[in-house]
Amino acid sequence: YEANQNPPGVSYYLAAIGLLFGWGEIPAHVGMALVAGLAGTGTFLLARELCGRPLFAAALTAASPSFFVSATSVMSDIPMLAMYVWALVIWIYGDKRDDHRLLFAASILVVCSGLTKYFGFSALPLMLAYTLARRGKPGLWLLHGIAPIALFAVYLWWSERQYGINLLIFAAEFAS
């Protein structure tokens, strides 16, 4: 936890890749390339909902230097982005259809994104603000904001018991 200031999501993903396909560089990079593909596909679907040129938006994202460099490494940025974007896509689909299963799935993706890189939790207020702006009033959909908050609180509680420190505060102090 002192060397890696991120939550353990990518480490667990890479461990699964290693167990299934071997502990070499090639399986790790192929596994991360799949995640980059998911990020690009999610960007396309999100752009299709929000703008008139989704292919251009996805291509621009994939061609940007920060995406390209991160997507060819084993850093936590692209997995966080993939789950972040997919959380937004599924949330928008769920909001349009008033489908609470999709809204719940999106809130779980926020947790997964946040457990990959803490910034991933910032998708939650974005999703809630989107629906509030679209619908104009709070409703039962707002309850789907509870799951990510509760699960993140459990993670912080567990990690504090495990390591004796709050890892979020530790990472914030390290960053400052």
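The values are calculated or read from the model by the stated rules, or taken from the named source; none is laboratory data. Predicted model only: the values in this text are computed from it and were never measured. Backbone-built Cβ (ideal geometry, glycine too); neighbour counts: all protein chains shown. We work out accessible area using only protein heavy atoms, side chains counted, and drop any ligands, DNA or RNA first. Shrake-Rupley method; radii C 1.70, N 1.55, O 1.52, S 1.80 Å.
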For the chain, the dipole about the Cα centre with charges only on Cβ (Lys and Arg +1, Asp and Glu -1), to the nearest 20 debye, works out at 640
Summing -39500 (n - 2.57) over every DSSP H run of at least 4 residues in the chain and dividing by its residue count gives a helix-only mean residue ellipticity at 222 nm, to the nearest 500 deg cm²/dmol, of -24500 deg cm²/dmol
Segment 69-108: relative contact order from alpha carbon pairs under 8 Å, six or more residues apart, as a whole percent, is 32
Given a 1.4 Å probe, the accessible area of the chain per residue, as a whole number of Å², is 57
Packing-ranked peptide list from 84-90, 48-54, highest mean Cβ count within 10 angstrom first, is 84-90, 48-54
Expressed as a percent, the accessible surface of segment 47-176 that is carbon or sulfur, using a 1.4 Å probe and the full set of protein chains, is 71
Expected unfolding gain across ILE169-ILE149 under the 0.36 nm per residue rule, minus the alpha-carbon gap, is 5.6 nm
Shape call for the chain, from the Cα gyration tensor axes a ≥ b ≥ c (a/c under 1.5 means rounded, otherwise prolate when a/b beats b/c, else oblate), comes out oblate
